[in-house]
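Down below is the structure, laid out as structure tokens.
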Amino acid sequence: MAQETELKLLLRPETLPALLAHPLLGGQRPRPRRLRNTYVDTPALDLMARGLAVRERRIGRSTLLTVKTAGTSIGGLSVRGEWEGPTRPGQPDFPALLGEHPLATTLAALADELAPVFRTDFTRRAWHLEHAGARIELALDQGHIMASRGTATRREPLLELELELVDGPAHALYELALSLAWPTDNDPVRPGLWLMPSDRSKAQRGLALFLGRGPTVQQPAPAATNPGTDPRQAFRTVAWACLGTLQANLAHLALDADALAAAAFVHHSRAALARLLAALDQHASWLPAPFVATWRTYWQAADRRLTPPGPDATPSPRWMRPLHEALQAPAPGLALLAFARDLHRLDHDGAGAPRPAQPRAASSRARVRKASARAAAA
């Protein structure tokens, strides 16, 4: 079994030219590959209920069988088990693929019940990069997801970046994402890119399409910690839960300007921010002072930006339009990426001591402060 660690990023079609022209990608011209994937499950969706994804992938004349476990996904970064090997279409041999792993017996028992549930069809362009002490594969996937149920066929576009860690520290994925998104130091005219971290896999999106489910409001998840938990770890547990809520809800608000459906997304985003700010205050003495000062300022400004005017604080179409436009700017997605990067870095700092300033880190903090000021003034 291989362990897959990757950062998934949403992007919009209009950002593609700037991404493809980025200096970090300029030295390579990847050959596009068409990947046609069929995800299978039982009629009762037993695999999805267990957090498993099983697919057949066609690449030219070859077919690969892939099994993925649920793993964990926070801040757009997912870590999960993965097996992949050649197969015959419609004839999965799970014991041959998984060997002695207990999943082999489970899947073999269900093999006769498996049938197509949804498909993804996309073109992949991949770059192999070295960045921040890590080797990373960056894959740009562009195509669609399609699901049929009865006489109804649903289809939605697919456009995302996957940054997969080949070797090195996981926080390097966030460093690369931020380097792609921020203007380069020697080209101040180049606009930033809209990149939004996402915890939703293609399998999760395909299943939602198959079931006819629209965007789901994400509520702040429980993040209980044991009494003896290290204070930094306790803060990180709460912060990751809040970050997952924010990025899911803000992505929907950025991509859908429907004010009637937005009230719950705004409400739960604000609830996550309130919880995050409370955790910052509670654990401030255990965290690096620059971290607390920078992110308290930014999240307070974000909370003000997400607070509708009026006594009932209900989003109106007039109020939603500028919010929708603000969320289509690069700053919100970049702040989520920078915060996730800094959460990862907390593990490597001395307890309660500020991290020594580095030129790049100082630059990132200055940019976050500028984004905070823009948000406060909006």
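The values are calculated or read from the model by the stated rules, or taken from the named source; none is laboratory data. Values in this document were obtained by computation on a predicted structure and should not be read as measured data. Using ideal geometry, Cβ is built from the backbone for each residue, glycine included, and neighbour counts are taken over all protein chains shown. With ligands, DNA and RNA removed, areas are computed over all heavy atoms of the protein, side chains included. Shrake-Rupley method; radii C 1.70, N 1.55, O 1.52, S 1.80 Å.
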Checklist entry - What trypsin sites (Lys or Arg not before Pro) in the range 1-53 are in a loop by DSSP, with at most 15 other Cβ atoms within 10 Å of the Cβ? => result Arg50
Checklist outcome for this item: Expressed in angstrom, Rg and Dmax over the Cα atoms of the chain are 21.5, 63
Next on the checklist: If I fit a long axis through the Cα atoms of helix 231-255 and take the longest principal axis of the Cα atoms of the chain, what angle between them do I get, 0 to 90°, rounded to 10?
Outcome noted: 80
Item to check | Rh by Kirkwood over Cα pairs, then Stokes-Einstein D for the range 66-131 at 1.306 mPa s and 10 °C, µm²/s | outcome: 109
Checklist outcome for this item: A chain fully extended from Arg135 to Arg88 at 0.36 nm per residue, minus the present Cα-Cα distance, gains in nm 13.7 nm
Checklist entry - Thr216 to Leu20: FRET efficiency via 1/(1 + (r/R0)^6), r the Cβ-Cβ distance, R0 30 Å, to the nearest 0.05? => result 0.40
Next on the checklist: Compute the angle between helix 289-305 and the longest alpha-carbon principal axis of the chain, please, reported from 0 to 90 degrees and rounded to the nearest 10.
Outcome noted: 80
Checklist entry - For the chain, modelled as a GNM with alpha-carbon contacts under 10 angstrom, which of Leu209, Leu140, Leu110 fluctuates the most? => result Leu110
Next on the checklist: If you fit an axis through the alpha-carbon atoms of helix 263-282 and take the longest principal axis of the Cα set of the chain, what angle between them do you get, 0 to 90°, nearest 10?
Outcome noted: 60
Checklist outcome for this item: Here the equivalent ellipsoid of the range 8-157, derived from its Cα gyration tensor, has semi-axes (largest first, whole Å) of 30, 19, 15
Item to check | the range 42-53 - phi-based ³J(HN,Hα) in whole Hz, Karplus 6.51/-1.76/1.60, Gly and Pro as x | outcome: 7, x, 8, 6, 5, 5, 4, 5, 8, x, 9, 10
Next on the checklist: With a 1.4 Å probe and all protein chains left in place, how much accessible area per residue does the chain have, in Å²?
Outcome noted: 48
Checklist outcome for this item: In the range 11-101 the accessible area split gives carbon plus sulfur, as whole percent at 1.4 Å, a share of 51
Checklist entry - Taking K and R as +1 and D and E as -1, what net charge do the other residues with C-beta under 13 Å from the C-beta of Leu65 add up to? => result +1
Checklist entry - What list of whole percents do you get for P(r) of the range 14-57, with Cα-Cα distances grouped in 10 Å bins up to the one holding the largest distance? => result 21, 26, 20, 26, 8
Next on the checklist: With equal scatterers on the alpha carbons only and no solvent term, can you work out the Debye log10 of I(q)/I(0) for the range 95-199 at 0.12 1/Å?
Outcome noted: -0.69
Checklist entry - Most mobile of Asp93, Asp342, Asp141 per a Gaussian network model of the chain (Cα springs, under 10 Å)? => result Asp93
